[in-house]
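Presented below is the structure to which this report refers.
The values are calculated or read from the model by the stated rules, or taken from the named source; none is laboratory data. What you are looking at is a predicted structure, and each value in this text was computed from that prediction instead of being measured. Please note: Cβ atoms are built from the backbone with ideal geometry, for glycine as well, and neighbour counts cover all protein chains shown.
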């Protein structure tokens, strides 16, 4: 098992390098980092420009340029942002922390509710509950996150306070303006709506996966064996049904991590939530290469990491997968 | 026959399907004496498996079951779910046709046996694991200690069927129902599995219901036989009598379709089994029977004593002289 | 249930036999939600095709002389007016037209490219297959919006490419961009289909009897894959429409010239409208977009059920 994980991670590193190289090219072509720099710093001296080019690996050759960027990146010799010459890491770190909090909350809510109602639907295929779950899932898939976000904002930001006189769930930021320090209740209140928006997508997707996967399992012969043993229905469902049905769901989950991050980016932007989504869109809008590259590395790395985790958990869950 | 351990009376099973009511079992009586091996024989669709799945309570919701199934005097049909569950796996256990799919692929075989033990006996995991290894040894699995820690896919078909048997006998059941336990296996392995079943019956005195379409299997291990056709019993009795002087034309047809010494060619039974959505009102076999008379189609025949057998053929007496055997 | 019924002889003589296509049609027609959705969608498409007739005002026309901005829904403007007094209803009709156009075009291109790539990967196998599938997986796993924006700018910076597909804000460019990201899912499906069919006996029989590869693709593969491809097509249309909407929402969408609009642009205006309480500006464009995607999703799902009876409704 350990060797399997090790070999898989060994593969992830060249992939990471290759993909970041492609991203480097795409960003250099797409955002034109030099022009963006000149636009934001029209009076920059020649030495400053040279230093900027050197730190970002903006030489004329893409390959050597990438490697000199990479060298600075891994030695933590990161260039400052184009706009305002800010340090990148503190900003990125905060954005990631905020996004991770939102992402984990939404995934936790989404996966547990999604799997739950998926199981619920599979118990009586074709029944009323099944149809209801199916319809909910369909609506969830068909409503893009920005629309559910707008509708929730419409209800809570505009009408709730109008009707009830208080604002139950604020619709922007992590804290109200002026708030200093940590306040759990406020934080949860601020996170509630964006969490719901992202969770809806997750619920829609997972309930369908779980339902169809569990239906396959419920029709299998070993379920009959389990019943013939005189086990309780709950134990049969969990230990023999859900346990087996999770295997295919997990492989798909890895592919979905990108969709969840995508949903986060959109949602954060609408709710003015200071996470990676806002970070990305404002940096992208400014063509801020020094801010964008580290974020991209982290996105690529996390996609690969989740793929790896899914592979490993797949192997752990399904003994039929050979590890060599 | 009050001494029977498993007694089935007038069992009827109907499935509601899109095409109508499928009457799979239409009044079946079975008696299993303690410690005997009862062979239940019939072609696919004769209702033999469904009867015993119904007895186990393993049929889907779409099945309507009436009649009586008594295990050791306790009624199972219509009993509370919890009561049935405590019987299932403890006093009444089952071995399935396809050992490749009967075991859960993601759990170790040892754990699957332990689960069976612990769901009916108050035993700690360590003891249950020891017992599981013992059981694997009983059914003839070499190196049971290591094998218990392996997964089903690491076993061959025959070995998996041994595991299924080990699991079924884990709680020392009074009756073991084996539903076509050898059908999916190679011929050489079939014989070994039958030996295992016989050994279990002899060692523990377990009554075995052996459901099969293979008369050869019946001849080898069964004490008595119950022949089913179109959801009904057509004939039952001691195995020797059935093979020596079968009373029902269907049984005779089955026997002459077997390869045996002195026969140049096999004789298949002409025609097809009836449509169970609209079963014939009289004897189910009459449309295919060369001896059928009008009376055969008139009403459903029931089992009647005939010599040392029970037969549903109303012409059994007439056919005794002219019939082949 | 199946395992029990399997053994029984259910019928003496065969029932009326149906061709696979007839059976698929019956199953589709049995899906009530899909039928309703087809009706709604046809109605919408029709209304949008004859937009000069159904729209009440020009796309850029004010409903009346000022003050005309942010009028709530009324007889004058059924769905209200926007910031500069244009009729929201008429703009929705024109916008939907543009969005459906984008959706259909890029779906057709995606499906075509996906079919070719998937079929070739499936048939050739080996290294080519590995590489294509790796790329596909990577694209599928990458956050869509990020990839879309980065690649959009990259394509926009390639001079010779913009001569062919137009400038970043043109419709042609958006269609190309969405197709560029749209083919992987289809390629996956078609490849899977090819691999499954390759194993089936009738293909082997055709091979053994000396049929050429092109013949096999034409006679066996395509007819057998048409169901999944149709399904992929419907989902591609939704993907492209919502892709355009996402891009427009964040201000990177097409600028279809001279006051023309798209569903995405209209939804994008909703963002600002929320804070100010002009609910109609937020609600109606969102509603149209949701109804369209919901309808197409339902139809796609019913198609999948209809063409592949083995799959259950929720897959």
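General remarks:
- Any hit, segment B:98-112, residues being outside any helix (DSSP H, G or I), more than 9 Å from every other protein chain (Cβ to nearest Cβ) and touching a residue at least 24 places away in the same chain (Cβ under 8 Å): no
- Considering segment C:126-155, the residues that are in contact (Cβ under 8 Å) with a residue 12 or more places away in the chain and more than 19 Å from residue A:282 (Cα to Cα) include one that is nearest to the chain's Cα centre (by Cα), namely C:140.
- A single entry from C:216, C:226 fulfils the requirement of being surrounded by 17 or more Cβ atoms within 10 Å (Cβ to Cβ) and more than 30 Å from residue A:277 (Cα to Cα): C:216.
- Tallying residues that are touching a helix residue (DSSP H, G or I) at 6+ places or on another chain (Cβ under 6 Å) and assigned to a helix (DSSP H, G or I) within segment A:229-241 yields 3.
- Qualifying residue in segment A:60-67 (condition: at pLDDT 90 or above, surrounded by 13 or more Cβ atoms within 10 Å (Cβ to Cβ) and closer than 21 Å to residue A:90 by Cα): no
- Restricting segment B:138-160 to residues that are crowded, with 20+ Cβ neighbours inside 10 Å and within 12 Å of another protein chain (Cβ to nearest Cβ), the residue that is farthest from the chain's Cα centre (by Cα): B:152
- If you go through segment B:169-190 and keep only what is farther than 23 Å from residue B:90 by Cα and out of contact with any helix residue (DSSP H, G or I) (no Cβ under 8 Å at 6 or more places or on another chain), you end up with B:183, B:187, B:188.
- Search result, residues across segment A:208-240 that are within 8 Å of another protein chain (Cβ to nearest Cβ) and under 29 Å from the mean Cα position of the chain (by Cα): A:208, A:211, A:212, A:215
- Hey, residue B:53 part of a loop (DSSP other than H, G, I, E, B) and under 22 Å from residue B:210 (Cα atoms) or not: no
- Unmet criterion (only one of (1) in contact with a helix residue (DSSP H, G or I) (Cβ under 8 Å, 6 or more places away or on another chain); (2) within 23 Å of residue C:62 (Cβ to Cβ); (3) in a helix (DSSP H, G or I)) for residue C:293: (2)
- Condition check for residue B:91: more than 8 Å from chain A (Cβ to nearest Cβ), closer than 22 Å to residue B:15 by Cα and either surrounded by fewer than 21 Cβ atoms within 10 Å (Cβ to Cβ) or at pLDDT 90 or above (or both): no
- Selection count, segment C:98-152, where residues are crowded, with 22+ Cβ neighbours inside 10 Å, under 30 Å from residue C:285 (Cβ atoms) and away from chain A (no Cβ under 14 Å): 7
Here is a yes/no grid of residues against (1) within 24 Å of residue B:154 (Cβ to Cβ); (2) surrounded by fewer than 17 Cβ atoms within 10 Å (Cβ to Cβ):
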| residue | (1), (2) |
| --- | --- |
| B:76 | no, no |
| B:80 | no, yes |
| B:110 | yes, no |
| B:124 | no, yes |
| B:136 | yes, no |
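- Selection status of residue A:315, at pLDDT below 90, away from chain C (no Cβ under 11 Å) and part of a helix (DSSP H, G or I): yes
- A residue that is buried (at least 17 other Cβ atoms within 10 Å of the Cβ), in contact with a helix residue (DSSP H, G or I) (Cβ under 7 Å, 6 or more places away or on another chain) and assigned to a helix (DSSP H, G or I) occurs somewhere in segment A:157-179.
- In a residue-by-residue description of segment A:104-114, the property of being crowded, with 16+ Cβ neighbours inside 10 Å, free of Cβ contacts under 8 Å to residues at least 40 places away in the same chain, in contact with a helix residue (DSSP H, G or I) (Cβ under 7 Å, 6 or more places away or on another chain) and closer than 21 Å to residue A:216 by Cα applies to no position.
- Leading residue by the ranking (farthest from residue C:278 (Cα to Cα)) among those in segment A:145-170 that are facing chain C (nearest Cβ under 8 Å) and in contact (Cβ under 8 Å) with a residue 60 or more places away in the chain: A:146
- Residue in segment B:37-52 that is surrounded by fewer than 19 Cβ atoms within 10 Å (Cβ to Cβ) and under 21 Å from residue B:168 (Cβ atoms) present: no
- Filtering segment A:272-282 to residues that are surrounded by 24 or more Cβ atoms within 10 Å (Cβ to Cβ) and either within 11 Å of another protein chain (Cβ to nearest Cβ) or under 19 Å from residue A:307 (Cα atoms) (or both) leaves A:276, A:277, A:280.
- Taking each residue of segment C:35-54 that is surrounded by 15 or more Cβ atoms within 10 Å (Cβ to Cβ) and looking for partners that are modelled with pLDDT under 85 with beta-carbon atoms closer than 6 Å, six or more apart or interchain, yields C:47/C:54.
A quick yes/no check of all residues on (1) modelled with pLDDT under 90; (2) farther than 24 Å from residue A:278 by Cα; (3) more than 14 Å from chain C (Cβ to nearest Cβ):
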residue	(1), (2), (3)
A:5	yes, yes, yes
A:25	no, no, no
A:45	yes, yes, yes
A:50	yes, yes, yes
A:54	yes, yes, yes
A:58	yes, yes, yes
A:83	yes, no, yes
A:89	no, no, yes
A:100	no, no, yes
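- Output for segment C:168-178, where each listed residue is modelled with pLDDT under 85 and more than 14 Å from chain A (Cβ to nearest Cβ): C:169
- Those residues of segment B:34-60 which are without any contact (Cβ under 8 Å) to a residue 60 or more places away in the chain and more than 9 Å from every other protein chain (Cβ to nearest Cβ), in sequence order: B:54
- When residues of segment B:8-22 are limited to those that are part of a strand (DSSP E or B) and surrounded by fewer than 20 Cβ atoms within 10 Å (Cβ to Cβ), the one farthest from the other protein chains (Cβ to nearest Cβ): B:9
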